[in-house]
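Written out below as structure tokens is the structure these notes cover.
The values are calculated or read from the model by the stated rules, or taken from the named source; none is laboratory data. Bear in mind that the values here come from a model prediction, so they are computed numbers and not experimental data. Backbone-built Cβ (ideal geometry, glycine too); neighbour counts: all protein chains shown. We work out accessible area using only protein heavy atoms, side chains counted, and drop any ligands, DNA or RNA first. Shrake-Rupley method; radii C 1.70, N 1.55, O 1.52, S 1.80 Å.
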Amino acid sequence: MKCKFPSRVFSSNIQKCTSTSRQCYRNLLSDLLDRRWALLTPESKINKIVVSKMKEQHKCVEPIAFSFSNNMWPSLVDDMMEKSKQELSFYVVRDDLLHPLVNGNKARKLDALLPLVEDHSVTDVVTCGGCQSAHAAAVAVSCAERGLSSHLLLRGERPEIPTGYNLISEMYGNVTYIARSLYAKREEMLTTHAALVAGSSGSVLLLSDILDTSPACKSEDILWDSRRSPSSQATAEKDLRKVVIINEGAGNAKGLLGVIRLVKYLSQNHLFGKERPINVVVDAGTGTTAVGLGIGALLLGLPWEITAVMLADNIEGYKKQEEHLKFDFKKLFGLEHFDKALNGAGGDLVDWVERLHPRKFGNVLKGEVEVCQQIARQTGILVDPVYTLAAWEHATFLCQREAKAGRDAKVVMLHTGGTLGMFGLAQRPLSYYLLSQL
């Protein structure tokens, strides 16, 4: 059975849909998500965090003004139907539990990409990132699980003691450390290395080449599956290498699909539903996850607000990335009426906000590791000071703001992962560590 081409099928369905009604877009979204995925299910565990003000603020560490408790099995149906109680609370979508070594946001971005790589008989993947790149580690692990070879170009010098994401990258992938001056020319660097991997008889593809001609194969439609038969394609083309380049962070339109799939899952009636106002908070590195959440909420007609805490760029940079992803998404899937839906919703997909305690990206402020320790001890949830602590702090702030304003919106934090980032902090100076004595 031949595979369907999503852009053609999806575009034909759009032509039949001349309105911008919710049901129309939901039908189109169902067609768009009818494909093979890397994750067997979009499910994610949901916890409810109850926030209490500390009777006495910590003498040394300013951010510790609250205590937290974790309801691991909240009754979401009852919570969504009830009006706000006096207690302060927010929910945590535990995407940090999707995979022991792959960050939740990386798993979502790769959810639609990996099957495409497999369906195009790719043998090798080339990508790049920083020394402690969660993206590079995710690609390395995911490729190894599927019998593919990964080639990781990491910026800078090899650490004296590999740890965290760097250690995982070296364990699962083929790592090459690149001088910062060469790394600045990423496109040239990736293309040159991919050509070396492919050799004289192989071929090199950009991820965009796959996206433009990708068959949206369902599991019953595919001609071969490398996870079930990892050597079948290698036998047919024994000496040929087919190399695909994935840009740093995998921030592209197809990377949005896994996040949109998550939004559809979370909007089910037995979870957050489609009628209740929800404010979803996420930390923003490249901003791809936030934009995916926004597009998913828009196409499903959800009364959700997406709040992204800016970490690696300013608001101009993130808005530019949002426009770039929206343009590519419309182009890839032929969404001719997307602008109408966007304008009808007010024009903005994401509310980009500053971190409550601004700093240069990657810096850890005094006492923040101790705050992470407090959260871990009180809730069993591990956050890291570079990424997910920012989202946790903003979710805490928003649930207070909603309560004071008398509004009934629920606050939801998407936990994107970052556990291994804590181990990466071992490469920082000792002054970063203010952990209390055990």
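Of note:
- Portion, in percent, of the accessible area of the range 164-213 that falls on carbon or sulfur, probe 1.4 Å: 57 percent
- With K and R counted +1 and D and E -1, the other residues having a Cβ less than 9 Å from that of His135 yield a net charge of +1.
- Within the shell defined by Cβ-Cβ distances under 11 Å, the residues around Lys264 carry a net charge of +3, with Lys and Arg each +1 and Asp and Glu each -1.
- Each peptide in 290-297, 154-161, 43-50 was scored by the mean count of other Cβ atoms within 10 Å over its residues; highest first, the order is 290-297, 43-50, 154-161.
- The range 355-403 - percent of accessible surface contributed by carbon and sulfur, probe 1.4 Å: 57 percent
- Per residue, the range 276-338 exposes 32 Å² of solvent-accessible protein surface, assessed with a 1.4 angstrom probe and all protein chains in place.
- Descending by average beta-carbon neighbour count within 10 Å, the peptides 173-183, 382-392 line up as 382-392, 173-183, the highest first.
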